[in-house]
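S.K.: Starting off with a structure, shown below.
Since every read-out is calculated from the coordinates, none of them should be taken as a lab result. Just so you know, these numbers come straight off a predicted model, no measurement behind them. As a convention, Cβ positions derive from the backbone with ideal geometry for all residues, glycine included, and neighbour counts pool all protein chains shown.
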Amino acid sequence: MAEQNREILKVEHLKKYFPVPNGMLHAVDDISFTINEGETLGIVGESGCGKSTMGRVILRLHEPTDGKVTFEGQDVLAMNSKQMKILRRDMQIIFQDPFASLNPRMTVSEAIVAPLLVQKIYDRKDKAGIEKRLREVMDMVGLANRLINTYPHELDGGRRQRIGIARALALEPKFIVCDEPVSALDVSIQAQILNLMQDLQESLGLTYLFITHDLSVVKHISDDILVMYLGQMVEKAPSYKLFKKPMHPYTQALLSAIPIPDPDLPMERIAMKGELTSPINPEKGCRFAKRCPFATDACRQQDMVLTEEEPGHFITCLRVQKGEI
Ligand SMILES: Nc1ncnc2c1ncn2[C@@H]1O[C@H](COP(=O)(O)OP(=O)(O)O)[C@@H](O)[C@H]1O
Ligand code: SF4
Ligand SMILES: [Mg+2]
């Protein structure tokens, strides 16, 4: 089991701006958090709010505009390509659409073995060693050995995602960015894959950054949840607190869209009306103001500050901070 409360990843003031024809697109705009070993941080927000960009910047699949990423005490953004290649063994990614991320001409075994060869974990000639590791990893993710020579298009979505997970696990990583790993799957398969990921986390002591647009997906897997809106963090709290007492109007709106199984807890659906603020050269003030039913002039004029309203529960809403709503 992982040691309790050992910080494994620290992200400080991370920014990623993309130059676009009419200015700078603020995809990730000053995000900070830490994750402890063996824990899961859920990243939630609508499509386009910067979740994937953030995951990619942490792994340096994109170079950041500003900020700091520390993994096990090492400054990730200061590493050279050789150091990054070694770090890749510890930090992996699982993508939403395994079909798109898998080479259609590679069999299951070739897809899983490829990272082991690229990283030179095994010599190509060590057929027995490679075969042993392949079977181990396939067992771990519940892929039958008879599928070794099949191609991705011959398999269903759930099995393809199991290959994606196996590829990530092959190198024995410590930390995995899971970028909407169940969003493309049928609901019944989603539960199977989520259970598998939870079991793997427990048995291997893995740490997850679990990205999704669907709050209900991360409810059970996350220790903490960070809600993003247009590149910024609007709320962060332990999962149970966020579901019990969401404080930011955006989180409340997201939560109200989830059907509640308990009829004694009626929750009105809060409609998000109004246009989306542009992430290109965003104006001052709360980025949610155009859609927020509680917006005032002060919300539009003042820059938002993150405050800790209750132990471990952070928000940026000005009016909640002032006790007005
Ligand atoms: N390579 C890129 N160049 C320009 N803009 C990009 C690029 N990648 C992403 N974006 C923009 O950054 C924002 C965040 O995108 P993304 O991280 O994919 O969001 P999410 O994963 O939350 O759906 C979006 O406005 C998107 O259009
Ligand atoms: S700061 Fe104002 S506009 Fe923004 S979420 Fe809070 S009440 Fe709504
Ligand atoms: Mg995405």
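S.K.: Please determine, in degrees from 0 to 90 and to the nearest 10, the orientation of helix 157-169 with respect to the longest principal axis defined by the Cα atoms of the chain, where the helix direction is its Cα long axis.
M.R.: 80
S.K.: Mind pulling up the Rg/Rh value for segment 104-172? Radius of gyration and Kirkwood radius, both on Cα.
M.R.: Using only Cα positions, Rg/Rh for segment 104-172 is 0.94.
S.K.: If the cut-off is a Cα-Cα distance under 15 Å, which aspartates and glutamates reach Lys132, setting aside same-chain residues fewer than 8 apart in sequence?
M.R.: Within the straight-line cut-off, Lys132 pairs with Glu110, Asp123, Glu172.
S.K.: Still on this structure: Relative to the longest principal Cα axis of the chain, at what angle does helix 187-204 sit, 0 to 90 degrees, rounded to 10?
M.R.: Rounded to the nearest ten degrees, it is 70.
S.K.: May I ask what percent, to the nearest 5, of DSSP beta bridges between residues of the chain are antiparallel?
M.R.: Rounded to the nearest five, the antiparallel share is 60 percent.
S.K.: Using +1 on the beta carbon of Lys and Arg, -1 on that of Asp and Glu, and nothing else charged, what's the dipole of segment 143-247 about the Cα centre, debye to 20?
M.R.: It works out to roughly 120 debye.
S.K.: Name the residue, out of Asn195, Asn80, Asn145, whose mean-square fluctuation peaks in a Gaussian network model built on the chain with Cα pairs under 10 Å.
M.R.: Sorting by GNM fluctuation, first place goes to Asn80.
S.K.: Loop sites only, by DSSP: take the GluC sites (Glu not before Pro) in the chain that have at most 16 other C-beta atoms within 10 Å and name the longest stretch containing none of them.
M.R.: Maximal segment without exposed cleavage sites: 73-267.
S.K.: Where does helix 127-140 land angle-wise versus the long Cα axis of the chain, in degrees 0 to 90, nearest 10?
M.R.: With rounding to tens, the tilt is 40 degrees.
S.K.: What's the local net charge at Leu242, with K and R +1, D and E -1, over the other residues with C-beta under 10 Å away?
M.R.: My count for the surroundings of Leu242 gives +3.
S.K.: Kindly provide the Kirkwood hydrodynamic radius of segment 1-134 in Å, to one decimal, from all pairs of distinct alpha carbon atoms.
M.R.: 17.3
S.K.: I've got another one for you. Cross-link partners among lysines for Lys16, C-alpha distance below 24 Å, same-chain residues fewer than 8 apart left out?
M.R.: Lys51, Lys68, Lys82, Lys85, Lys236, Lys284, Lys290
S.K.: Give me P(r) over the chain, computed from all C-alpha to C-alpha distances, binned every 20 Å, as integer percentages.
M.R.: Using 20 Å bins, I get a P(r) of 30, 56, 14, 0 for the chain.
S.K.: Considering the chain as a Gaussian network with a 10 Å cut-off on Cα pairs, which listed residue, Arg105, Arg146, Arg167, attains the greatest mean-square fluctuation?
M.R.: Arg146
S.K.: Using Cα springs under 10 Å in a Gaussian network model of the chain, which residue among Gly55, Gly205, Gly129 shows the largest mean-square fluctuation?
M.R.: So, out of Gly55, Gly205, Gly129, the one fluctuating most is Gly129.
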